[in-house]
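Got a structure for you, written out below as structure tokens; questions coming shortly.
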């Protein structure tokens, strides 16, 4: 109801202006306005929370159950004017989702759409968007059990109204995907420095020369950084540097290099200009220098962490390899026609007497590799004249094929482990270098490198007609369906046919099965922290995710199953929830594909007993500072030893220590106190652990803790 002021004419004018604008926005009329070049984007809010009005670039998620809350934020960049109104219409499967609301408190009036899922916004005074371009927070609930089902949320149209005469209407194509079965990112290596992925897995390298290894990623859209770990023999090669120039991350720089040149190096790469707009492409080239004692080695990519908006979203443990080989002895068959003949003699005679460095020297004519094309080379050449090169040895070209794919079980339940087997055969007439077999999942029986990668393995060198069995352990997708699995072998140098390097697909059926639900979680508790409630519990055996609920009882006189509300579905053993007043009842269930355990009520704790304090001290969690057994992670940085954090996001560590949960209290661990740094803590002693310390953040000093804890069972 409107309340009139003393100046009724002014209020009436404001009301008529607002009504005119509302009619315009609701009608969806559009004309070319000053914001026609604005760009829209969606960001998923973890656990259906309140959001932070900052675009973290999260466009994929996992949701299960019925009645689960999903929240997203809508952003528009490139808006050059203030707004008097806007309309947002969403696009989704109404059989799976129910639209609840969209909100932005900067607009004084909101009216839901009656015919389409969306909301109209209007204001009596101009609204200027913040730096992030935040338009609205939207909330949905799952109308059916969506466990294992793929679906998405998008936007049908957005209309921005600058005034009663100018509007801009957008029809974006970006969406947020849920429960996708093919969103796991993967990496591949290429030892060919030319543009594009030639999938070269072996290369000849001379001592003290530099080799570039390109790293390509797939399923990486919206990534803002990546951490990569290589392992190698430091007597053979040393890591030199990272060169950007990749196609997927704008303005890429390496911001962290740890452990270089003992036996491994871990490099953190971040974008200083946005996020990956393509789903696959080149990150950049990593350069290694061969030592003076180089005699051949293997460089292995063993771990990679993908980051989105400062949050680590995925981890991969591939075994991608590049073989560095010493140069093969030069062949006297210079023209490559299969015979050492007269044309080879003419080419050799033309360079006879050349010395390394004189401008005419060519290494392939220096048959003894002594830096001079001389008499000794002539003797080698003459002994081969009129015969195939290397008589009595390897005279042909390799041709690798993959055949006989099979699986250990062709009928699986979701998440079941199984083995994929195949045979790599060298059908050529010459030996092949060592290479890599890559495994794929497809929707049909034709396997290619464009299918979803699921793993890789090393294939040793094969002589002509030789075979080698390859195998990998895999996990069945969560979604019941029919899939095909197969393998491809990465081409090798000199291969005569590279169009036959993939096997056929072997069919696998994933069917929903029975199983045993996990037991209820132990040690469920909650406490108040920074205007939010934090809920935590201990891991439950065989649980793959957890559901967290609350009730609004003034006292604990309501049984949650009859009066609770689902607030989060998480895979971690903690959750947070915006709350106030009488919102004091929290409950947790442990779940897997077979179902969920009984409800467990979380006990109310204080800052010291609930997980944010130690002794009488109160520690405020640092968002993004996460710990695990033997590792500390902060945004795109990961350490397994000690770090000062200085200069990273305005952090300065004064002191730090580790604590272990004892009953309802936290107890300091002797010997873990540090000055000026934080250190990872590794233990086999059962218990729950956290990192705490005296830390300044952007000049504000206080007591802080890690965002999470880790548990050793």
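The values are calculated or read from the model by the stated rules, or taken from the named source; none is laboratory data. Keep in mind the model is a prediction, meaning the values are calculated, not measured. Because the Cβ atoms are built from the backbone with ideal geometry, glycine has one as well, and the counts that use them run over all protein chains shown.
Out of all the residues in region 263-275, which are modelled with pLDDT of 80 or more and in a loop (DSSP other than H, G, I, E, B)? Working first, answer last.
Keep residues of region 263-275 that are modelled with pLDDT of 80 or more, which gives 263-271.
If the condition is that a residue be modelled with pLDDT of 80 or more and in a loop (DSSP other than H, G, I, E, B), then 263 is the only one that fits.
Tell me, which strands (runs of 3 or more DSSP E) wholly within region 34-149 include 1 or more residues that are within 30 Å of residue 572 (Cα to Cα) and outside the structural domain of residue 308 (by TED's automatic domain parsing)?
Values: elements: 39-45, 69-77, 83-92, 97-103, 109-112, 118-127, 134-142.
By residue number, 39-45, 69-77, 83-92, 97-103, 134-142.
Hey, among the residues in region 664-675 that are touching a strand residue (DSSP E or B) at 6+ places or on another chain (Cβ under 6 Å) and exposed (fewer than 15 other Cβ atoms within 10 Å of the Cβ), which one's nearest to residue 525 (Cα to Cα)? Walk me through how you get there before you give the answer.
Our first condition is that a residue be touching a strand residue (DSSP E or B) at 6+ places or on another chain (Cβ under 6 Å); within region 664-675, this holds for 666-669, 672-675.
Now drop any that are not exposed (fewer than 15 other Cβ atoms within 10 Å of the Cβ), which leaves 667-668, 673, 675.
On the way: 667: 18, 668: 21, 673: 27, 675: 31 Å.
Top of the filtered list is 667.
Additional query: Does region 643-663 contain any residue that is crowded, with 19+ Cβ neighbours inside 10 Å, on the phi < 0 side of the Ramachandran plot, assigned to a loop (DSSP other than H, G, I, E, B) and modelled with pLDDT of 75 or more?
Among the residues of region 643-663, not one is crowded, with 19+ Cβ neighbours inside 10 Å, on the phi < 0 side of the Ramachandran plot, assigned to a loop (DSSP other than H, G, I, E, B) and modelled with pLDDT of 75 or more, which makes the answer no.
Across region 559-578, what is the number of residues that are modelled with pLDDT of 65 or more and either closer than 20 Å to residue 61 by Cα or assigned to a loop (DSSP other than H, G, I, E, B) (or both)?
13
Hey, can you tell me all the residues within region 139-157 that are buried (at least 19 other Cβ atoms within 10 Å of the Cβ) and within 23 Å of residue 81 (Cβ to Cβ)?
Residue satisfying the conditions is 155 alone.
Right, another one. Considering only residues that are more than 26 Å from residue 632 (Cβ to Cβ) and in a loop (DSSP other than H, G, I, E, B), which ones fall in region 312-327?
326, 327
Sort through 97, 166, 160 and tell me the only one that's more than 21 Å from residue 46 (Cβ to Cβ) and surrounded by 21 or more Cβ atoms within 10 Å (Cβ to Cβ). Reasoning before the result, please.
Details: 97 fails: more than 21 Å from residue 46 (Cβ to Cβ); 166 fails: surrounded by 21 or more Cβ atoms within 10 Å (Cβ to Cβ).
Of 97, 166, 160, the one residue that is more than 21 Å from residue 46 (Cβ to Cβ) and surrounded by 21 or more Cβ atoms within 10 Å (Cβ to Cβ) is 160.
Taking into account only those residues within region 341-360 that are over 27 Å from residue 296 (Cβ atoms) and in a loop (DSSP other than H, G, I, E, B), which is modelled with the lowest pLDDT?
Narrowing region 341-360 to residues over 27 Å from residue 296 (Cβ atoms): 341-355, 358-360.
Within this subset, residues satisfying the condition of being in a loop (DSSP other than H, G, I, E, B) are 341, 352-354, 358-360.
On the way: 341: 86, 352: 91, 353: 91, 354: 90, 358: 86, 359: 83, 360: 87.
Only one residue tops the list, namely 359.
Look at region 248-260 and say how many of its residues are surrounded by 16 or more Cβ atoms within 10 Å (Cβ to Cβ) and under 17 Å from residue 217 (Cα atoms).
Adding up the residues that qualify gives 4.
Which of the residues belonging to region 629-641 are modelled with pLDDT under 80 and in a strand (DSSP E or B)?
Selection gives 634, 637, 638, 639.
Would region 286-297 turn up any residue that is part of a loop (DSSP other than H, G, I, E, B), farther than 30 Å from residue 228 by Cβ and at pLDDT below 85? Can you show your working first?
So in region 286-297, the residues part of a loop (DSSP other than H, G, I, E, B) come out as 291-296.
Cutting the leftovers down to farther than 30 Å from residue 228 by Cβ gives us none.
Checking region 286-297: not a single residue is part of a loop (DSSP other than H, G, I, E, B), farther than 30 Å from residue 228 by Cβ and at pLDDT below 85.
If you don't mind, there's one more thing I want to ask. Every residue in region 353-372 that is in contact with a helix residue (DSSP H, G or I) (Cβ under 7 Å, 6 or more places away or on another chain) and more than 28 Å from residue 430 (Cα to Cα), please.
Across region 353-372, the qualifying residue is only 360.
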